[in-house]
Amino acid sequence: MNRRLPTTPADTARPGSFDNGLVVSVEGDPGVGPAVELARRTGRRHLGVPTAGAALEIEPAPTLTVVATAAAVDDRWLARASGIDGIGLLTARDGERLTALVSRTLSAPVRPSPRTVLLDATADGAAAVTRDGFSAATRSAGTLVLQAHGRECLVHLADGVLCGRSTGPVSVRPDGHRPLGPTSCVQGEGCYRLHYRGEELLPAASVDADVVLIDSCLVQKVGTGQFTSDTTLALTLLEGSARAVVASPWIRGGFPAAGPLFAALLRDGAPLGRAVAEVNRAAAAGERTVGRFALLGDAALRPHPEAALPAVAADGPFTVGDAGALLDGDPPDAFAVVHGDVDVVRLTGARTLVLPRYGAPLPATGRITRAREPQRERFDRLRTHAEAAATLWAYGLEGSGPEPSGYRAALADAYGGLADTTPTASAAAALDQAEDLLTAVDGAAAERLTALTAQSRYHFVDTYSDTSRRVDERPATCPECDGRAALIRWSHAIAPLVERELLSCPVCGEVTDTDTRAAVTCRLEGPRHAVRGEPLRQRAVLHNATARPVHARLGFALLYEDLYGTDWSRTEEVLLDPGEERGIDVGGGVPADFDVADRHGLRLFTVAGGRISTYSRYLWVTANRATRDELYEHPTHHGGAA
């Protein structure tokens, strides 16, 4: 039998309290009468459909509210509804409770203010949410936003649970076809969490809030999947003071600003359906979001029809209250970094909201600054750097510099502040830490390469060629002698990210050896003849091939110089501007007691972004000036006079 709403003093809803749209009922369901009454009092059209599934085929214009008992829908219906903008389900366990819910929906909320409460029940330590703390914080709340761990029948608090078991008569029991089984409480064994009983169970129907959003996994259910409806948390919340519950029927992750954003949209006068749709769109724009939200409530209802968010200036420090604020000014671009206990979320269109975070002291303070580099691009650059650093073992350089766990953890911390909202100051700080550690890895690699060169006849190609495939060879010109050379391309057999090009000359030997993804390449210029006891000038030329600044580490040494008696080996950090080519003097005088007047090898390294480039050249040392002049009346130089 269809139940008619009890008479109320006002025959129509408050002006402005409801958006336009359609009210839908399911033929034969006890919700038909309440649906007809809801449509009449709010000036909307009513439509009856044969099944709840048919309602999902109707285009919301702009909202669609289905009024039906839990028996007419199921959990899969809710999952489908979460993918449709502007739809809501007004539901209860039976017709009597549904009639009461529709009556509350049509009534003005009994609240002294539209206060928003943000609680993070996942927090530990001093910030943990206890039962008493929860009850005190939520008393007379306009909108309660709760981030929590939970399941269909409860969410966890520090010393108990918010319990979804209904106090009313059981309406759906396991029948071998619908729910899979009864919970431990139904079987007399207390709550599945630590066998909680009595006061450790905070009844969901006692929550004193007008609208509730729970950001947790699998909460939005009506009891036809794993659980019976008499233990379903969302339905029990609707048997208290709540007129609407927003949660996800899916597992949930990412976009932690979802709850604060929803509350802010309501405080800006949005109807429930539009607010949920905006949250789902903003969450979908994040890279790590899992699970859309669904609405149990009237999609057309405006909880705060006359409210509007305050505005804060984008170009200065600002404070925001429990509802957040609109950002007045140009929206943040890719260079923006957000400081303070706030998140900045850009919505569809031109609007940008500033939102307080869970646990932030109110009013929350914040400001927006500009970084020298877009933080997302910086993250991608450092992630690539970390990938390259992880391949240094392929050159026998494992263990050089900080442990990989340090920069990987810093990058993981940074990603959380980049993936969902405007980059945060904590993300920028984590990127600073990762960059410092990765720069130290580059520096340690350059130090080790230089030391190996100075202490031995170290040939870099030998470190990787035995475990690499020669994938290509083509003619090239040697930069040392201008003769014909071969450019050989290698791919590492174990570390496929290691790809190198070696220029081999039949006269000059190995000359260039470059990572194919290297941002910085190098070469040596200067005379190729020197005299014992006289100065020698060499110039290391570094070229940044990218459109961004690059930190590079230079390393230079004479092969086996520790044996021959020079002290030319050096490393140096170089910051190169976009596209810059810079020359740096290296080398020094040839000692008077230089051990062997013969041909020697010079080697230059650059390490940048975890990638190594080398340049090698021969240097001839003669015993004295007279011998040099006798042998080389017209000496051949490269890049300058001897």
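With each label modelled as a point 7 angstrom along the Cα→C-beta vector, the residue 315-residue 584 pair spans 4.1 nm.
Structural descriptor for region 311-370: relative contact order 44 percent, calculated from alpha carbon pairs under 8 angstrom and at least 6 residues apart. With the helix formula -39500 (n - 2.57) applied to DSSP H stretches of n ≥ 4, the chain reaches a computed 222 nm mean residue ellipticity of -6500 deg cm²/dmol. For the peptides 224-234, 577-587, residues were scored by their other Cβ atoms within 10 Å and the scores averaged per peptide; the highest-first order is 224-234, 577-587. Sorting 415, 564 by accessible area puts them as 415, 564; the probe is 1.4 Å, largest comes first, and only protein heavy atoms count.
The angle separating the long axis of helix 425-455 from the principal Cα axis of greatest extent in the chain is about 20 degrees. For the Cα atoms of the chain, what angle does the longest principal axis make with the long axis of helix 32-42, in degrees from 0 to 90, nearest 10? Result, in degrees: 80. When you count the other C-beta atoms within 10 angstrom of each residue and take the mean per peptide, 417-429, 40-52, 278-290 line up highest first as 417-429, 278-290, 40-52. Computed from the alpha carbon positions, the gyration tensor of region 151-298 leads to an equivalent ellipsoid with semi-axes of 27, 16, 15 Å, biggest first. Helix 272-285 against the longest principal axis of the chain: what's the angle in degrees, Cα atoms only, rounded to the nearest 10? Result, in degrees: 20.
The value given for region 379-434 is a Kirkwood hydrodynamic radius of 11.8 Å, derived from the mean inverse Cα-Cα separation. What the phi angles of region 88-105 give under the Karplus curve with 6.51, -1.76 and 1.60, with θ = phi - 60°, is a coupling list of x, 10, 8, 8, 7, 6, 8, x, 5, 6, 5, 4, 5, 5, 5, 4, 5, 4 Hz, glycine and proline written as x.
Taken per residue, the accessible surface of the chain reaches 41 Å², heavy atoms only and a 1.4 Å probe.
Comparing 518, 401, 334 along the charge dipole axis of the chain, the residue lying farthest to the positive side is 334, per the Cβ-charge model. Distance from the alpha carbon centroid of region 342-366 to that of region 64-100 works out to 31 angstrom. With the Cα gyration tensor of region 215-267 giving a ≥ b ≥ c as the square roots of its eigenvalues, does the rule (a/c under 1.5 for rounded; else a/b larger than b/c for prolate; else oblate) give rounded, prolate or oblate? It is oblate, given that a/c is not under 1.5 and a/b is not larger than b/c.
Taking all protein chains together and a 1.4 Å probe, the residues 192, 458, 560 rank 192, 560, 458 from largest to smallest accessible area.
Computed from backbone phi with θ = phi - 60° and the Karplus coefficients 6.51, -1.76 and 1.60, the 3J(HN,Hα) list for region 318-331 is 9, 10, 9, x, 5, 8, x, 7, 7, 8, 9, x, 4, x Hz; x is used for glycine and proline. Only protein heavy atoms count here; on that basis, with a 1.4 Å probe, residue 189 has an accessible area of about 100 Å². Ordering 37, 200 by accessible surface, largest first, gives 200, 37; the 1.4 Å probe counts only protein heavy atoms, with every chain in place.
Here the accessible area is traced with a 1.4 Å probe on the protein chains. For region 379-434, carbon and sulfur cover 52 percent of it.
Computed over the chain, the range of Cα coordinates on each principal axis works out to 120, 53, 46 Å, biggest value leading. Rounded, prolate or oblate: which one fits region 15-98, using the alpha carbon gyration tensor with axes a ≥ b ≥ c (rounded when a/c is under 1.5, else prolate when a/b beats b/c, else oblate)? Oblate, because a/c is 1.5 or more while a/b does not exceed b/c.
In a simple Cβ point-charge model (Lys, Arg +1; Asp, Glu -1; nothing else charged), region 38-113 has a dipole of about 380 debye relative to its Cα centre. With all pairs of different C-alpha atoms in the average, the Kirkwood value for the hydrodynamic radius of region 442-633 is 17.3 Å. Residue 522 contributes an accessible area of around 20 Å² to the protein surface, as traced by a 1.4 Å probe with all chains present. Based on Cα contacts under 8 Å between residues 6+ apart, the chain shows a relative contact order of 9 percent. A dipole drawn for region 291-433 from +1 and -1 charges on Cβ atoms has a positive end, and of 307, 417, 296 the residue lying farthest that way is 296. Highest average first, the peptides 470-479, 305-314, 342-351, 244-253 ordered by how many other beta carbon atoms sit within 10 Å of their residues are 244-253, 342-351, 305-314, 470-479. With Rh defined as the Kirkwood radius, the inverse of the mean 1/r over Cα pairs, the Rg/Rh of region 311-370 is 0.92. For the pair residue 405 and residue 59, the difference between a 0.36 nm per residue extended length and the Cα-Cα distance amounts to 119.5 nm.
When the square roots of the Cα gyration tensor eigenvalues are ordered a ≥ b ≥ c, the ratio a/c for region 518-587 is 1.5 or more and a/b exceeds b/c, which makes its shape prolate. For the chain, a simple Cβ point-charge model (Lys and Arg +1, Asp and Glu -1, everything else neutral) yields a dipole of about 1980 debye relative to the Cα centre.
The values are calculated or read from the model by the stated rules, or taken from the named source; none is laboratory data. Given the structure is predicted, the values throughout are model-derived calculations rather than measurements. Heads up, the Cβs are rebuilt from the backbone with ideal geometry, glycines too, and the neighbour counts pull from every protein chain shown. We work out accessible area using only protein heavy atoms, side chains counted, and drop any ligands, DNA or RNA first. Shrake-Rupley method; radii C 1.70, N 1.55, O 1.52, S 1.80 Å.
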